[in-house]
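Chemist: The structure's right below; bear with me while I get my questions together.
The values are calculated or read from the model by the stated rules, or taken from the named source; none is laboratory data. Quick caveat: nothing in here was measured; it's all calculated off a predicted structure. As a convention, Cβ positions derive from the backbone with ideal geometry for all residues, glycine included, and neighbour counts pool all protein chains shown. Calculation scope for accessible area: heavy atoms of the full protein, side chains included, ligands and nucleic acids excluded. Shrake-Rupley method; radii C 1.70, N 1.55, O 1.52, S 1.80 Å.
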Amino acid sequence: MMNAARLRIGLTGGIGSGKSAAADFFSLHGAAIIDADVIAHELTAPGGAAMPALVQAFGADIRNDLGALDRAAMRQRVFADPEARRLLESILHPLIGAAMRQAAAERPGDYLVFVVPLLVEHLDRWRPQIDRLCVVDCPPALQLARVQSRSGLATEMIEAIMATQATSAQRLAAADDVLDNSGDLAHLARQVEALHARYLSFAHKN
Ligand SMILES: CC(C)(COP(=O)(O)OP(=O)(O)OC[C@H]1O[C@@H](n2cnc3c(N)ncnc32)[C@H](O)[C@@H]1O)[C@@H](O)C(=O)NCCC(=O)NCCS
Ligand SMILES: Nc1ncnc2c1ncn2[C@@H]1O[C@H](COP(=O)(O)OP(=O)(O)OP(=O)(O)O)[C@@H](O)[C@H]1O
């Protein structure tokens, strides 16, 4: 199959819904994973391409001793202040988009899975770049509990982040495929396996 015609899946879901867990299962089946969060972390690591613009916009205090983005400080700032969030996004999103397009051209795999937390929030921009939109979904209370046990973030902070994101209903309305992550990881793995078979059959029709 020609790489240029590879099937492109957009995988999205709210914070802690299980995007990374689902992407790991797709990866085990041979899909190429391109994760916006991973790229955002690379761009804001020491010497990362976004650091000069972030320091210019937010001041030297947002850089930690290692030269990376102080993520906790930035989190406090942007989820309390929509203007600051828009400024951060205006710097990072174009860089994330460019890096994702480049990675897509280089990464081997049967089909591409773009993992994009804010895909439905930016549907006009993303929809033309994907063939199918897959939503990982679980009840908000489970999102909260799973994020808390992973990171120890305060309930108020997780709720503030969720309040800036699309609702589950908005995501489901835009979805072609849905992964229900309200069960255990084996339940998620079985659904990914079934979707993978469908995506392979679509990919081979291309
Ligand atoms: C604010 C930052 C520094 C907090 O870092 P932190 O390590 O706590 O979180 P991390 O980057 O691992 O993101 C975890 C989750 O937070 C949520 N989240 C991140 N950015 C945003 C945002 N701009 N709006 C709403 N939710 C967001 C997503 O569910 C994401 O999966 C960081 O999230 C960031 O740089 N965000 C801006 C880039 C962005 O919009 N990324 C997500 C979509 S491309
Ligand atoms: N079905 C499940 N059962 C138990 N734990 C799970 C399940 N799915 C995911 N988790 C755990 O919940 C946490 C959140 O999952 P994951 O990191 O995959 O979500 P995410 O959508 O990528 O999160 P974020 O938006 O914060 O990047 C992780 O610690 C993960 O191991």
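Chemist: In terms of the Cα gyration tensor, with a ≥ b ≥ c the square roots of its eigenvalues, is segment 1-89 rounded because a/c is under 1.5, prolate because a/b exceeds b/c, or oblate?
Modeler: Prolate, because a/c is 1.5 or more and a/b exceeds b/c.
Chemist: Summing -39500 (n - 2.57) over the DSSP H runs of n ≥ 4 in the chain and dividing by its residue number, what mean residue ellipticity at 222 nm do you reach, to the nearest 500 deg cm²/dmol?
Modeler: The helix-only estimate for the chain comes to -16500 deg cm²/dmol at 222 nm.
Chemist: Calculate one ³J(HN,Hα) per residue across segment 22-29 by plugging θ = phi - 60° into the Karplus curve 6.51 cos²θ - 1.76 cosθ + 1.60, and present them in order as whole Hz with x for glycine and proline.
Modeler: Result, rounded to whole Hz: 5, 4, 4, 5, 4, 4, 4, 8.
Chemist: A follow-up question, please. Which cross-chain or sequence-distant (5 or more) residues have an amide H under 5 Å from the amide H of D131, H modelled 1.01 Å from N in plane?
Modeler: For D131, whose amide H was placed from the backbone, the distant partners under 5 Å are R8, I9, G10.
Chemist: Also, I was wondering about something else. State, as an integer percentage, the relative contact order of the chain based on alpha-carbon contacts under 8 Å between residues 6 or more apart.
Modeler: Reported relative contact order: 38 percent.
Chemist: Hey, what angle do you get for helix 82-106 against the long axis of the chain, alpha-carbon based, 0 to 90 degrees rounded to 10?
Modeler: 40
Chemist: Continuing with this model, one more query. Testing the spin-label approximation: label points 7 Å from Cα along Cα→Cβ at E193 and T155. State their distance in nm.
Modeler: My value for the distance between the label points is 3.8 nm.
Chemist: Over the chain, one equal point on each Cα, no solvent: what is log10 I(q)/I(0) by the Debye formula at q = 0.07, 0.13, 0.17 Å⁻¹?
Modeler: -0.22, -0.76, -1.25
Chemist: Now a separate question. Can you give me the Kirkwood hydrodynamic radius for segment 38-108, using every pair of distinct Cα atoms, in Å to one decimal?
Modeler: About 12.6 Å, per the Kirkwood formula over Cα pairs.
Chemist: Considering only protein heavy atoms and a 1.4 Å probe, what is the carbon-and-sulfur percentage of the accessible area of segment 64-192?
Modeler: On segment 64-192, the fraction of accessible area on carbon and sulfur atoms equals 55 percent.
Chemist: Name the residues whose placed amide hydrogens come within less than 5 Å of the amide hydrogen of V115, ignoring near sequence neighbours (fewer than 5 apart) on the same chain.
Modeler: L11, I34, D35, A36
Chemist: Taking the simple approach of a point 7 Å from Cα along Cα-to-Cβ for both D177 and H204, what is their distance in nm?
Modeler: Between D177 and H204, the label points sit 1.5 nm apart.
Chemist: Relative to the present Cα-Cα distance, how much length would full extension add between D65 and H122 at 0.36 nm per residue of separation?
Modeler: That pair, D65 and H122, stretches by 17.2 nm at full extension.
Chemist: What residue among A154, A103, A31 shows peak mean-square fluctuation when the chain is described by a Gaussian network model with Cα springs under 10 Å?
Modeler: Residue with maximal mean-square fluctuation among A154, A103, A31: A154.
Chemist: Want the number for A98 to E42: 0.36 nm per residue separation, take away the alpha-carbon distance, what's left?
Modeler: Length gained, A98 through E42: 18.9 nm.
Chemist: Let me ask you something else. Take the alpha-carbon centre of segment 172-206, take the same for segment 7-74, and report the distance between them in whole Å.
Modeler: With segment 172-206 and segment 7-74 each reduced to a Cα centre, they are spaced 24 Å.
Chemist: Once the Cβ-Cβ distance between A72 and T167 is put in as r, and R0 is 25 Å, what FRET efficiency do you end up with, to the nearest 0.05?
Modeler: 0.40
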